[in-house]
Amino acid sequence: MTKILYLKSSILGEHSASNGLSQKFVDQYLATHSGSELIERDLGANPIPHLTGEALGGFGADEADRSPAQVEAANLSDQLIDELKSSDVIVLGLPMYNFGVPSALKAWIDYVAVAGKTFRYTEMGAQGLVQGKKVYIFATRGGKYVGTPADTQTGFMNTFLNFIGITDIEYVYAEGLALGEDPKTEAVQSAEEQLEVLAAA
């Protein structure tokens, strides 16, 4: 049985292009892969608290030495890591906000990037502990950035995912969504055609 972790990171809910495309992919993937299990986290609607110094200090502390706030943060981190590590497929809806990833997604990353759990340092350097996963990222942008220095998202996500051990990453881009109705329609249609092929694989 395939287990899917579906992360939405847009703050726009049902009006979000990234939510719309990633949801279509998930629906079609579930239809063509019977018996799959889905875990869904809407980080935009239900954001994870941003990481604090106190929370970070509790990650590596003994439970008996943690403050109540540290216990809560560590338990949340463990839950998010368990969802990640137990999944076979990760689907991410990724809008571009001010040339970066949404802060809600960054908060999720900060809670799952924990030394000794999703990565470790060795004499040979960092080693990712989350392996054997397939990631599908549906990246939506108002302008056109792929292949330019302004596309900071792709490099950032690749760096993070590779760091924790994930290298099988598929991107579907829908760009130019703010450049007029025709470019928007063309970009969405192209992305939908791509996701249909990916969902059926």
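Between 0 and 90 degrees, rounded to the nearest ten: what's the tilt of helix 181-200 against the longest Cα principal axis of the chain?
Approximately 60 degrees, to the nearest ten.
Taking Cα atoms, how many degrees apart are the long axis of helix 17-32 and the longest axis of the chain, rounded to 10 and kept between 0 and 90?
Taking Cα atoms only, the helix is inclined about 90 degrees.
Looking at the stretch 1-77, which chymotrypsin sites (Phe, Trp or Tyr not before Pro) are DSSP coil and have at most 12 other C-beta atoms within 10 Å of their C-beta? Can you show the working numbers first?
Details: sites: 6, 25, 29, 59; in loops: none.
Sparse-neighbourhood loop chymotrypsin sites (Phe, Trp or Tyr not before Pro): none present.
So if each residue of separation counts as 0.36 nm, and I subtract the Cα-Cα distance between residue 146 and residue 181, what length gain in nm does that give? Before the final figure, lay out each step's value.
On the way: separation 35, 0.36 × 35 = 12.60 nm, distance 1.99 nm.
Stretched out fully, the residue 146 to residue 181 stretch lengthens by 10.6 nm.
Would you list which aspartates and glutamates come within 13 Å of residue 134, measuring only between C-alpha atoms, while excluding same-chain residues fewer than 8 positions from it?
88, 168, 170
To the nearest 20 debye, what is the magnitude of the charge dipole of the chain about its Cα centre, counting +1 on the Cβ of each Lys and Arg and -1 on the Cβ of each Asp and Glu? Walk me through the intermediate numbers first.
Numbers: 14 positive and 26 negative charges, 54 e Å.
I would put it at about 260 debye.
Apply 1/(1 + (r/R0)^6) to the Cβ-Cβ distance of residue 50 and residue 193, taking R0 = 41 Å, and write down the FRET efficiency to the nearest 0.05.
Numbers: r = 37 Å, r/R0 = 0.90.
The calculated FRET efficiency here is 0.65.
Roughly how far apart, in whole Å, are the Cα centres of the stretch 72-101 and the stretch 4-60?
7 Å
Which distance in Å, rounded to a whole number, links the C-alpha centroids of the stretch 112-149 and the stretch 155-187?
14 Å
Please list, in order, the residues from the stretch 149-182 whose amide nitrogen is less than 20 Å from a point placed 7 Å along the Cα→Cβ vector of residue 122.
Only 159-168 pass the distance filter.
How big is the C-alpha Rg of the chain next to the rule-of-thumb value 2.2 N^0.38 Å, as a ratio? Please report the intermediate quantities before stating the final value.
Numbers: Rg = 17.5 Å, N = 201, 2.2 N^0.38 = 16.5 Å.
Normalised by 2.2 N^0.38 Å, the Cα Rg of the chain equals 1.06.
Positive end of the charge dipole of the chain (Lys, Arg +1 and Asp, Glu -1 on Cβ, about the Cα centre): tell me which of 200, 131, 21 has its Cα farthest that way.
With unit charges placed on the Cβ atoms, the residue in question is 131.
Rounded to the nearest 500 deg cm²/dmol, what is the calculated helix-only ellipticity per residue at 222 nm for the chain, with -39500 (n - 2.57) per DSSP H run of length n ≥ 4?
It lands at -13500 deg cm²/dmol.
Helix 103-112 against the longest principal axis of the chain: what's the angle in degrees, Cα atoms only, rounded to the nearest 10?
In the chain, helix 103-112 runs at an angle near 40 degrees to the longest axis.
Can you work out the FRET efficiency for the pair residue 99 and residue 76, with r the C-beta to C-beta distance and R0 = 30 Å, to the nearest 0.05? Spell out each step's value before the answer.
On the way: r = 28 Å, r/R0 = 0.94.
The calculated FRET efficiency here is 0.60.
Here, each number is a calculation from the coordinates, and none is a lab measurement. What you are looking at is a predicted structure, and each value in this text was computed from that prediction instead of being measured. A quick note on method: Cβ atoms are made from the backbone with ideal geometry, for glycine too, and the neighbour counts reach across all protein chains shown.
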